[in-house]
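These notes are about the structure you will find just below.
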Amino acid sequence: MRIRDFQLERFFAKYEFNVSHLLSPSDCESWTVSEIFDAARGGCDCMRNLRLSYTESRGAPALVEAVDSMYGVGRDGVVIGCPEELIFLFMNSFLEAGDEVVCISPAYQSLYELPRAIGCDVVFWSLIARDGRWRLDYDELETLLRRRPKLLVLNFPHNPTGYMPKPAEFGRIGDLAERYGITVFSDEMYRGLALSEPELPSFAGHTDAVAMSGLSKGPGLPGLRLGWIASRRHDLISSVLAMKDYTTICNPAPGEVIAEAAMRNIEALFRRNIAILRQNVDIANEFFARRSEAVEWIPPMGGTTAFPRLLTGDVMELGERAVALKSLMVLPDEVFDVKGNRFRVGMGRKNFPLALELFGELLNMGGQ
Ligand SMILES: Cc1ncc(COP(=O)(O)O)c(C=O)c1O
């Protein structure tokens with residue numbers, strides 16, 4: 001397979017571990033292994049005695065059951081795996097060259113790059129910033145779906161804009177997909193992090209949809225590399241499972257044991273991280289209100305990120321100065337294949353106020 005570089009991941013690879021501060025991460029505050037086991041009230045001893053044999057390809061039965069209890073799709077409707085791997089497996093098992101795919105834009109690159117690499121024709125349904133908020137045109141979606149694409153790819157809460165549909169708009173997407181017979185791939189990595197909007201149901205409740213989520217973002221466990229897909233379309237899930245034999249075959253045993261402990265206490269993991277996120281969003285709202293001449297800020301409706309526009313100077317140049325002068329990583333919009341002089345702000349981690357303070361010092365220095 002020939003595939004273009006994943007621009008965001010290449011950017012993170014260059015800076016994430018070489019600078020002191022990140023303005024743009026998308027995950028929430030992480031945890032130690034002891035914290036996870038202590039919260040689940042079971043010691044870490046099970047790790048010492050863990051036998052490092054192969055594990056079940058679908059995922060540890062306790063994890064599959066925990067995921068099924070969230071979505072009610074049945075055990076055969078679940079596969080546990082690395083979120084990014086699951087996108088790869090689903091796209092490759094479901095799509096063929098020549099298929100048309102409608103994908104929200106901007107988007108996490110694998111959501112449209114994998115279909116493109118397979119030979120699909122990707123058409124974007126684009127978010128537009130207007131009158132102080134992000135908007136999607138739902139009439140435009142109907143026009144796109146009338147062409148009967150094979151797949152509609154969604155991501156709510158949305159990375160990087162923080163957009164969420166209103167419940168009625170969300171309902172309309174489901175109705176349109178059903179009316180035109182379109183399968184939906186719903187990337188729900190940021191589900192559970194609604195801010196100004198009501199929490200949305202998962203697309204896994206629909207008859208012809210696959211929902212993907214995981215432990216990386218809200219729960220704050222990206223180092224586990226574990227998540228899941230869930231669907232009532234057991235045939236689609238079987239195809240993903242069959243293709244997994246060509247990637248990882250099964251999940252790492254230690255990761256699954258930690259994930260089981262995390263899932264037993266998932267509400268508490270979310271509770272702490274949502275408190276950090278909300279506090280940081282308030283700080284960001286206040287910070288950018290004071291700098292409206294330099295940055296156009298749209299508060300996130302959900303998720304961990306926002307995608308403001310720099311009004312003075314060039315965002316690439318600002319990013320370079322941020323690294324050189326403040327050891328601060330600022331993710332530019334170019335890595336999302338859009339060009340609007342925007343950058344991503346990630347508010348999920350405890351140290352966000354410090355990163356924002358450094359960014360403020362950079363703005364105060366002028367020259368951008
Ligand atoms: C929208 C979206 N989908 C999928 C992923 C992949 O998640 P993971 O890094 O846990 O594989 C990410 C990660 O940033 C994401 O933002």
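The values are calculated or read from the model by the stated rules, or taken from the named source; none is laboratory data. Predicted, not measured: the structure shown is a model, and the values here were computed from it. Positions of Cβ are generated from backbone atoms using ideal geometry, with glycine treated the same way; all protein chains shown enter the neighbour counts. Surface areas here come from the heavy atoms of the whole protein model, side chains and all, with no ligands, DNA or RNA. Shrake-Rupley method; radii C 1.70, N 1.55, O 1.52, S 1.80 Å.
Rounded to the nearest whole Hz, the Karplus-based 3J(HN,Hα) values (6.51 cos²θ - 1.76 cosθ + 1.60, θ = phi - 60°) of the range 260-276 follow the sequence 4, 5, 5, 5, 5, 9, 5, 4, 5, 5, 5, 4, 4, 6, 5, 4, 4, with x at glycine and proline.
Counting only protein heavy atoms and using a 1.4 Å probe, what share of the accessible area of the chain belongs to carbon plus sulfur, as a whole percent?
50
Near ALA209, the amide H atoms lying under 5 Å from its own belong to VAL184, ARG232, ARG233; only residues 5 or more places off or on other chains count, and H is placed 1.01 Å from N.
Could you calculate the FRET efficiency of SER34 with LYS14 from 1/(1 + (r/R0)^6), where r is the beta carbon distance between them and R0 is 25 Å, rounded to 0.05?
Working: r = 32 Å, r/R0 = 1.27.
After rounding, the FRET efficiency stands at 0.20.
Placing unit charges on the Cβ atoms only, positive for Lys and Arg and negative for Asp and Glu, gives the range 1-142 a dipole magnitude near 480 debye about its Cα centre.
Averaging the sequence gap over all C-alpha pairs within less than 8 Å and six or more residues apart, then dividing by the number of residues, gives the chain a relative contact order of 26 percent.
In the elastic network of the chain, a GNM with C-alpha springs shorter than 10 Å, the most mobile of SER110, SER30, SER196 is SER196.
In the structure shown, the pairs LYS150/LYS339; LYS14/LYS326; LYS326/LYS350 are assessed against 21 Å; a Cα-Cα span above that value is assigned to LYS150/LYS339. When the chain is treated as a Gaussian network with alpha carbon springs shorter than 10 Å, the biggest mean-square fluctuation among LYS150, LYS244, LYS339 belongs to LYS339. Computed from the C-beta positions of THR207 and ARG146, the FRET efficiency with R₀ = 22 Å rounds to 0.65.
How much space per residue, in cubic angstrom, does the convex hull of the C-alpha atoms of the range 51-265 take up?
Details: hull volume 24.7 nm³, N = 215.
So the per-residue Cα hull volume is 115 Å³.
Assuming R0 = 30 Å, what is the FRET efficiency of ASP137 and ALA268, from their Cβ-Cβ distance, to the nearest 0.05? The calculated FRET efficiency here is 0.15. Rounded to the nearest whole Hz, the Karplus-based 3J(HN,Hα) values (6.51 cos²θ - 1.76 cosθ + 1.60, θ = phi - 60°) of the range 27-35 follow the sequence 8, 9, 3, 8, 10, 8, 4, 4, 4, with x at glycine and proline. Karplus-based coupling profile of the range 111-125, in residue order and whole Hz: 5, 10, 6, 5, x, 4, 5, 6, x, 7, 9, 9, 10, 8, 9, with θ = phi - 60° in 6.51 cos²θ - 1.76 cosθ + 1.60 and x standing for Gly or Pro. Look at where the Cα atoms of the range 277-307 and of the range 150-218 average out, and the two centres are 23 Å apart.
The alpha carbons of the chain occupy a box of 56, 55, 40 Å along the principal axes, longest dimension given first. In this rough spin-label picture, where each label sits 7 Å from Cα along the Cβ direction, the HIS234-ASP314 distance is 5.7 nm.
Quarter the surface of the alpha carbon convex hull of the range 178-314 and you get the mean projected area, 11.8 square nanometres. The calculated pair-distance distribution of the range 145-234 uses every alpha carbon pair, bins of 10 angstrom beginning at 0, and gives 17, 48, 30, 5, 0 percent.
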